[in-house]
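S.K.: Have a look at this one before I ask anything.
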Amino acid sequence: MPKFIITVIIATILVGTCLVFFINSFEPETKIKVFGFLFILWVFASLIFSLPFSFIVGKPKEKKCSPFELRCIYRDSLRRGMLLSFGLCTFLVTRYFSINSSQVYLAIFLFLIGIEFVFLIKK
């Protein structure tokens, strides 16, 4: 396991602690508090989703690659985790504003797939 992953795990634990504190201490009275919660959730979910993606892609290459290449693999995994958590938070925002339409969900899904294709084409 690369050394920078330990830093990522510690950051994930700290953000998770902030998320639990936010859940326990604030009531969802205003939109600012709801969006603050969703932002912390987005960061936490990004870090959580990026770790398995990084493990799946980087584990076979761990012995052969340099630490710099493993960081690049983690950054790609972090991008995918951020996209996945952005989709999750967007779904929660649409539920909060009662925008329950299949066209909206399809548009969000196509938008996220389009962003992923743009990043794949750039490589």
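S.K.: Would you confirm, using the coordinates I've provided, whether Phe111 is in contact with a Leu (Cβ under 6 Å, 6 or more places away or on another chain), of a type outside the set (Ser, Thr, Tyr) and in a helix (DSSP H, G or I)?
M.R.: The answer is no for Phe111.
S.K.: Determine whether Arg95 is surrounded by 14 or more Cβ atoms within 10 Å (Cβ to Cβ), assigned to a helix (DSSP H, G or I) and among the basic types (Lys, Arg).
M.R.: no
S.K.: If you take the residues in the range 19-34 that are in a helix (DSSP H, G or I) and surrounded by 13 or more Cβ atoms within 10 Å (Cβ to Cβ), which one is nearest to the chain's Cα centre (by Cα)?
M.R.: Leu19
S.K.: Now a separate question. Tell me which residues, restricted to the range 1-18, are surrounded by 14 or more Cβ atoms within 10 Å (Cβ to Cβ) and within 13 Å of Ile48 (Cα to Cα).
M.R.: Kept after step one, since they are surrounded by 14 or more Cβ atoms within 10 Å (Cβ to Cβ), are these residues of the range 1-18: 2, 5, 8, 12, 15-16.
Listed by number, the residues that qualify are Ile5, Val8, Thr12, Val15, Gly16.
S.K.: Still on this structure, please answer the following. Starting from the range 92-107, take each residue that is over 21 Å from Phe37 (Cα atoms) and list its partners that are hydrophobic (A, V, I, L, M, F, W, C) and in a helix (DSSP H, G or I), counting only C-beta distances under 8 angstrom and pairs at least six apart or across chains.
M.R.: What qualifies is Tyr105/Phe91.
S.K.: Could you please give the count of residues in the range 64-91 that are in contact (Cβ under 8 Å) with a residue 24 or more places away in the chain and either in a loop (DSSP other than H, G, I, E, B) or aliphatic (A, V, I, L, M) (or both)? Explain how you work it out, then say what you get.
M.R.: Going through the range 64-91, the residues in contact (Cβ under 8 Å) with a residue 24 or more places away in the chain turn out to be 67, 70-71, 74, 77-89.
Now narrow it down to the ones that are either in a loop (DSSP other than H, G, I, E, B) or aliphatic (A, V, I, L, M) (or both): 70, 78, 82-84, 88.
Number satisfying all stated conditions: 6.
S.K.: Residues that are exposed (fewer than 13 other Cβ atoms within 10 Å of the Cβ) and small (Gly, Ala, Ser): does the range 40-59 have at least one?
M.R.: Within the range 40-59, not a single residue is exposed (fewer than 13 other Cβ atoms within 10 Å of the Cβ) and small (Gly, Ala, Ser).
S.K.: Any residue at all in the range 57-69 that's hydroxyl-bearing (Ser, Thr, Tyr), over 20 Å from Ile115 (Cβ atoms) and at pLDDT below 85? Full working, then the answer.
M.R.: First pass over the range 57-69, keeping only residues hydroxyl-bearing (Ser, Thr, Tyr): 66.
Imposing the further condition that a residue be over 20 Å from Ile115 (Cβ atoms) reduces the set to 66.
Those still in the list that are at pLDDT below 85 too: 66.
Yes, because at least one residue in the range 57-69 is hydroxyl-bearing (Ser, Thr, Tyr), over 20 Å from Ile115 (Cβ atoms) and at pLDDT below 85.
The values are calculated or read from the model by the stated rules, or taken from the named source; none is laboratory data. Remember, predicted model here, so these are calculated numbers, not experimental data. Don't worry about glycine lacking a Cβ; one is built from the backbone with ideal geometry, like all the others, and counts go over all protein chains shown.
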